[in-house]
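Asker: Shown below is the structure under consideration.
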Number of protein chains: 2
Amino acid sequence: MSPHFSRRELLNFVAAAGGTHAVYQTSRALGLLADSTPPASLNLSPVGSAARTAVVLGAGIAGLTVAYELERAGYGVTIIEASHRVGGRNMTVRSGDVIDELGQRQVCQFDDEPNLYFNAGPARIPGHHQRTLKYCRDLNVPLIVKANFARNAYHQDDASFAGRPVRLGHYVADARGFLSELLHKAVDKNQFDQALSADDRERLLEFVTAFGDLDDSGNYAGSRRAGYARGYQSPEEYRSPLPFDDMLGGDFWKWVYTASENPDWGDPLMEVPGGMDGIVQAFVRELSSPITLNAPVQSIDVTADGVDVVFCQQGVLHQVSADYCFNSIPAHFLPGIPSNLPREYKNALAALKPNKLMKIGLQMKRRFWEEEGIYGGTTLTSQPIGELWYPSHDIHAQKGVVIGAYTHGDGCATWSTMTPSERLRAAAECGERIHSGYAELVESGVSVPWERMNHMMGCSVHWTEALRQQHFDVLRRPVAGRHYLVGDQMSYHPTWQEGAFASAEYALLDLDKRVRSDSAVGRLA
Amino acid sequence: MSPHFSRRELLNFVAAAGGTHAVYQTSRALGLLADSTPPASLNLSPVGSAARTAVVLGAGIAGLTVAYELERAGYGVTIIEASHRVGGRNMTVRSGDVIDELGQRQVCQFDDEPNLYFNAGPARIPGHHQRTLKYCRDLNVPLIVKANFARNAYHQDDASFAGRPVRLGHYVADARGFLSELLHKAVDKNQFDQALSADDRERLLEFVTAFGDLDDSGNYAGSRRAGYARGYQSPEEYRSPLPFDDMLGGDFWKWVYTASENPDWGDPLMEVPGGMDGIVQAFVRELSSPITLNAPVQSIDVTADGVDVVFCQQGVLHQVSADYCFNSIPAHFLPGIPSNLPREYKNALAALKPNKLMKIGLQMKRRFWEEEGIYGGTTLTSQPIGELWYPSHDIHAQKGVVIGAYTHGDGCATWSTMTPSERLRAAAECGERIHSGYAELVESGVSVPWERMNHMMGCSVHWTEALRQQHFDVLRRPVAGRHYLVGDQMSYHPTWQEGAFASAEYALLDLDKRVRSDSAVGRLA
């Protein structure tokens, strides 16, 4: 499989390699190496003796980022948070934590052990989320690789294989094999509109053969890629091909590829050991600004030279006035909060609807998935639970917390109307369809339906193309240069932490431009 | 994307779920869940006062496993190792370590830091290597996920894209898209031998459309799966499709799929934090048997009631006699060691040739790969280095050790005849083809060509199908029930630790059967 070079060829190659910088520059120019734009440098103009102030509404990732950057530039910052905790949807659930669901509070009954937790909000960081990674680096938040796609996890579709779970690696290899076999036949007969040249046909047949691991006659008869059927005390034997009819029969194949091929879910992904809220804790360690909890905002007024915010704490109203306001309150709440925001702005807000997302964390008595050769990853099901995630941290510990349901959009509806204990029972029974004995291994669990969580009632904004074109720019523009709407809701990547960081970056760069321009005017005056 | 259930459907579903055990049993019977055979239970019959003894030749994974299990059963064990170190090819290279290459010893000059090391031998553990995982669990060896396939790592082929590196995720998505488009055209025209039914055709078109992320007309016009072309401050934009001609032009596409689809290399893989030799250290901690280093074996004689082994240490010959011998000396050395092994056995040994494998570890001044969004994984190249591995442990540390070359078989030939410093220079220049400025970031490096390492001179046995049929069973059978050949070389999974564990398991089970049968005879007498 390795390329062959003679010693002389290799040394010549080395001697000639001086020109590689040029090659690299060319490839950059051609966009072959293009990647997501790196985060902007946030060297905000220090305010020094000017003593500017800012009030930050919401202590989620966007609010914390804004506060952190403004503090560093010398701003006086106040953070107001409606709920009882810092972090927003960046929420790691551990023993004793309160799940503040409307009307049915839960208290997490997991064992009090450092490996028993789950991330109810963001749980994965891909390598191109450069802002998230930059802050992890700057704030010394450790990262480990998280297994997301796992060959050994299952695909379970009631409409295929009589509902039986099939290993993902098996399914993927066979799907590729069958499609390649069909294409091989078509190419062999050369029945395209434009006849392929003999040479092109030959190359295409080779390509397809390699792609699907076909045999010499262009047939798919199973592949090593599908996985071993036996151990290593006897000659290798691979899993038999699945019935292709069954693959075509299900709707599920639409998801399998989406799940591992979405770049934001593509391996390798990362997580914070001990819980994603390690990022929140790191911000809190760095911040000296006060964070006022349990303080829902009652009104927002943009004035000639700043913003007045009234909040309520323990039944008492307080007002805070600042030069600037960075507001990460969920957009769908804002129409209900008295404010003097412009009509166009209010109309835009009124048009937005939140996304829905629900996760259930289940503490399992035993790491049964490891006994099945599954070390992390995600099983994709046609059950109401949607996905089932296995932890890939703390391998071989005694217990572990699985994400026993992960569903969003309309999939949340039925779960919303259930009690927490009904949800656990339903999730456990769905798990039984994949893993025999699953229900008995559940020790405790909590459900986090974001569309029912107090002070949240949703999960970011559901931006359609039309809404985006009509309202996004209006809402991103600061009101009177004083009031900025932020949060992942105000980004091109809603529901991701990267979106929250990007929204903070955008607002801070805009602010900085205005401050620098003001200073210049000041100096001229 | 989530399935939709009404509340009633969901509760009915839960009520009906009692039958899932039966479903699971059925699926097991149909082999849908088949997996590699679990490791045998090694409850060796304790020898007690019988005081049996064993000599183990070679302190690699197989030898250590045999010693560990025999000790637990009460055997008196002596381990003889030819080289200066324990572990065999399980070798993690750190600051100050000696690379005992024939004629050109190297001393590793990496910084003395816990994250700066590389695994010159085994480096990855897949979830179905049940024996390796069992011993990690039993010996409390921690495991972490290792990124192997990374969407953001590169594919670099001199014969494609003018030799420019292309992100693997981009390549894979586009290859799938183009093939799907072709197949879509073929299906659309229904030009197969057996005409598809209208319904089948419809389903197949849907399948292919989802598989390749085609547009509504069945064309591939790029995909989100290929990765983002820009950041998150502007509407999403994806990488433009690569020229398909260029894909067909290279030979490299044969590897891309092989590399991530081989089940032994399929995600998620695991590694031992701090180095794979954590497994070796764990065995050494557990063992009380003496391990004699620097002690090459000079002769092996199978006697009527045991085995005599002569070894040489510091110029002095020593003899050790034991009831049993477990021999993991590389098969290609054995014909050169005087012994009374049977002729058929010696003929078999003489027919075997070793594999070749070489790795180069390079300490890099800066983790430049993380700046390119690469957090672990493997770049596949058509250069003499073969693969380039990025570490996925100790993310965001200042420095890191990449595997700057990983090649095997004939690909090793040119590197073998170079000096260590020539190798480093060549590897650095190859790296320049992928990463501009690479060579200047290399601080130090070591090369480990196993086919030139003292007491090794190869990497397991190169078993062809013919050799396997002719000689494997002969060599696996113990000589006179006393002398067992072990090591990954004596398994169906050579070069993997799992093979070494499997060979030890096989030999120990065979021994135990004989011991139990002897005891039965003894009791009868």
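Asker: Rounded to the nearest 100 Å², what's the accessible area chains A and B bury against each other, both chains counted, probe 1.4 Å?
Answerer: Values: alone 25590 and 25550 Å², together 38360 Å².
The A and B chains share an interface burying roughly 12800 Å².
Asker: Okay, moving on. Keeping all protein chains in place, calculate the accessible area per residue for chain A (probe 1.4 angstrom), answer in Å².
Answerer: Numbers: 19200 Å² over 525 residues.
Counting only protein heavy atoms, the per-residue value for chain A is 37 Å².
Asker: Where the label is 7 Å out from Cα toward Cβ, how close does A:Arg477 come to the same position in every other copy, in nm, shortest first?
Answerer: Ordered by distance, the counterparts are at 8.9 nm.
Asker: Straight-line reach from A:Lys134: which lysines fall under 25 Å, measuring Cα to Cα and dropping same-chain residues less than 8 apart?
Answerer: Once the sequence-local lysines are set aside, what remains near A:Lys134 is A:Lys146, A:Lys513, B:Lys146, B:Lys365, B:Lys399.
Asker: To continue, here is another question. Percent of accessible area on segment B:66-211 owned by carbon and sulfur, 1.4 Å probe?
Answerer: Values: 2130 of 4740 Å².
C and S fraction of accessible area: 45 percent.
Asker: Report the net charge of residues surrounding A:Asn294, where surrounding means a beta-carbon distance below 12 angstrom and charges are Lys +1, Arg +1, Asp -1, Glu -1. It would help to have the intermediate numbers written out before the result.
Answerer: Values: positive: A:Arg85; negative: A:Glu81, A:Asp100.
Residues close to A:Asn294 contribute a combined charge of -1.
Asker: Sticking with the crude label model, points 7 Å out along Cα→Cβ, report the distance from B:Ala159 to A:Val107 in nm, one decimal please.
Answerer: Between B:Ala159 and A:Val107, the label points sit 6.8 nm apart.
Asker: List, by residue number, every residue in segment B:422-467 with a reduction of 20 Å² or greater in accessible area between the chain on its own and the complete protein assembly, 1.4 Å probe.
Answerer: With the partner chains in place, segment B:422-467 has these residues losing at least 20 Å²: B:Glu422, B:Arg425, B:Ala426, B:Glu429, B:Glu432, B:Arg433, B:Ser436.
Asker: Amide H of A:Ser339: which non-local residues (sequence gap of 5 or more, or other chain) have their own amide H closer than 5 Å, using H built in the peptide plane?
Answerer: Under 5 Å from the amide H of A:Ser339 lie the amide H atoms of A:Ile300, each far enough along the sequence or on another chain.
Asker: Okay, next question. So what are the ³J(HN,Hα) numbers for segment A:293-303, from phi and the Karplus equation (6.51, -1.76, 1.60; θ = phi - 60°), rounded to whole Hz, Gly and Pro as x?
Answerer: 8, 6, 10, x, 6, 9, 7, 9, 10, 8, 9
Asker: If R₀ is 25 angstrom, what is the calculated FRET efficiency for the pair A:Arg343 and A:Leu509, using the beta carbon separation as r and rounding to 0.05? Let's see the in-between values first.
Answerer: Working: r = 27 Å, r/R0 = 1.08.
Calculated transfer efficiency: 0.40.
Asker: Right, another one. Pull up all non-local amide H partners of A:Tyr154: gap of 5 or more, or a different chain, and H-to-H distance under 5 Å with H placed in the peptide plane.
Answerer: Here the answer is A:Leu168, A:Thr379, A:Leu380, since their amide H atoms fall under 5 Å of that of A:Tyr154.
Asker: Nearest 10 degrees, 0 to 90: what angle lies between the long axis of helix A:420-432 and the longest principal axis of chain A (Cα atoms)?
Answerer: Its long axis makes an angle of about 20 degrees.
Asker: OK, next. Per-residue mean of other chain beta-carbon atoms within 10 angstrom of the beta-carbon, peptide B:118-126?
Answerer: Values: counts 0, 0, 0, 0, 0, 0, 0, 1, 6.
Mean number of neighbouring Cβ atoms from other chains: 1.
Asker: Run through the other copies and list how far each one's label point is from that of A:Arg516, in nm with one decimal, shortest first; the point sits 7 Å from Cα along Cα-Cβ.
Answerer: Here A:Arg516 shows inter-copy label distances of 8.0 nm.
Asker: Dividing the alpha-carbon Rg of chain B by 2.2 N^0.38 Å yields what? Before the final figure, lay out each step's value.
Answerer: Values: Rg = 27.1 Å, N = 525, 2.2 N^0.38 = 23.8 Å.
Cα-based Rg divided by the globular estimate yields 1.14.
Asker: Could you give me the ³J(HN,Hα) list for segment A:273-279, computed from phi with Karplus coefficients 6.51, -1.76, 1.60 and θ = phi - 60°, whole Hz, x at Gly and Pro?
Answerer: Working through the residues one at a time gives x, x, x, 4, 6, x, 5 Hz.
Asker: Here is a further query. Mind listing the label-point distances from A:Asp111 to the same position on all other copies, shortest first, one decimal in nm, points 7 Å along Cα→Cβ?
Answerer: Between copies, matching label points for A:Asp111 lie 3.8 nm apart.
Asker: Right, another one. Give the peptides B:156-166, A:103-113, B:495-505 in descending order of average Cβ contacts within 10 Å, highest first.
Answerer: Ranked from most to least packed, the peptides come out as B:495-505, B:156-166, A:103-113.
Asker: With charges set only on the Cβ (+1 for Lys and Arg, -1 for Asp and Glu), what does the dipole of the protein assembly as shown come to about its Cα centre, in debye to the nearest 20? Kindly include the intermediate steps, with their values, before the conclusion.
Answerer: Working: 98 positive and 122 negative charges, 240 e Å.
Once rounded to the nearest 20, the dipole reads 1160 debye.
Asker: Something else: At a 1.4 Å probe radius, carbon and sulfur cover how many percent of the accessible area of segment B:355-443?
Answerer: Numbers: 1040 of 2300 Å².
Ligands and nucleic acids excluded, carbon and sulfur reach 45 percent.
Asker: Report ³J(HN,Hα) in whole Hz for each residue of segment B:174-181, in order, from the Karplus equation J = 6.51 cos²θ - 1.76 cosθ + 1.60 where θ = phi - 60°; Gly and Pro get x.
Answerer: Each residue of segment B:174-181 in turn: 5, 4, 5, x, 5, 5, 5, 4 Hz.
Asker: Please list, ordered by chain and number, the residues whose modelled amide H lies under 5 Å from the amide H of B:Asn90; skip anything fewer than 5 residues away on the same chain.
Answerer: B:Ile61
Asker: Taking Cα pairs under 8 Å and at least six residues apart, what relative contact order does chain B come out at, in percent? Mind showing how you got there, number by number?
Answerer: Details: 979 pairs, mean separation 104.9, N = 525.
Worked out over chain B, it gives 20 percent.
Asker: Can I ask one more? Note down the magnitude of the dipole of chain A about its Cα centre, charges +1 on Lys and Arg C-beta and -1 on Asp and Glu C-beta and zero elsewhere, to the nearest 20 debye. Before the final figure, lay out the partial values.
Answerer: Details: 49 positive and 61 negative charges, 220 e Å.
Here the size comes out at about 1060 debye.
Asker: Note every residue of segment A:357-403 with a reduction of at least 40 square angstrom in accessible area, all protein chains present versus the isolated chain, computed with a 1.4 Å probe, or write none.
Answerer: A:Tyr375, A:Pro384, A:Ile395, A:His396
Asker: If you don't mind, another one. What does the average come to when, for each residue of peptide B:269-281, you count the partner chain Cβ atoms lying within 10 Å of its Cβ?
Answerer: Rounded to a whole number, the mean comes out at 1.
Asker: A:Ser288 versus A:Ser517, label points 7 Å from Cα toward the beta carbon: distance in nm?
Answerer: 3.2
Asker: Treat the protein assembly as shown as a sphere of radius equal to its Kirkwood radius over Cα pairs and apply Stokes-Einstein at 20 °C in a medium of 1.002 mPa s; give the translational diffusion coefficient in µm²/s, rounded to a whole number. List each step's numbers first, then the result.
Answerer: Working: Rh = 31.4 Å.
Roughly 68 µm²/s, to the nearest whole number.
Asker: While we're here: Percent of accessible area on segment B:230-353 owned by carbon and sulfur, 1.4 Å probe?
Answerer: On the way: 2590 of 5170 Å².
Percent of accessible area from carbon and sulfur atoms in segment B:230-353: 50.
Asker: Under the 0.36 nm per residue contour assumption, what length would be gained going from the current alpha-carbon distance of A:Gln469 and A:Gln314 to full extension? Could you put the intermediate results ahead of the total?
Answerer: Details: separation 155, 0.36 × 155 = 55.80 nm, distance 4.07 nm.
Contour length minus Cα-Cα distance gives 51.7 nm.
Asker: Within 10 Å of each Cβ in peptide A:152-159, how many partner chain Cβ atoms are there on average? Round it to a whole number, please. Don't jump to the answer; show the numbers that get you there.
Answerer: Details: counts 8, 2, 2, 0, 0, 1, 2, 0.
That average works out to 2.
The values are calculated or read from the model by the stated rules, or taken from the named source; none is laboratory data. These numbers were taken from a predicted model, which means no experiment stands behind them. Quick reminder, even Gly has a Cβ in these numbers, built from the backbone with ideal geometry, and neighbours come from all protein chains shown. Keep in mind that these areas ignore ligands, DNA and RNA; they rest on the heavy atoms of the full protein, side chains included. Shrake-Rupley method; radii C 1.70, N 1.55, O 1.52, S 1.80 Å.
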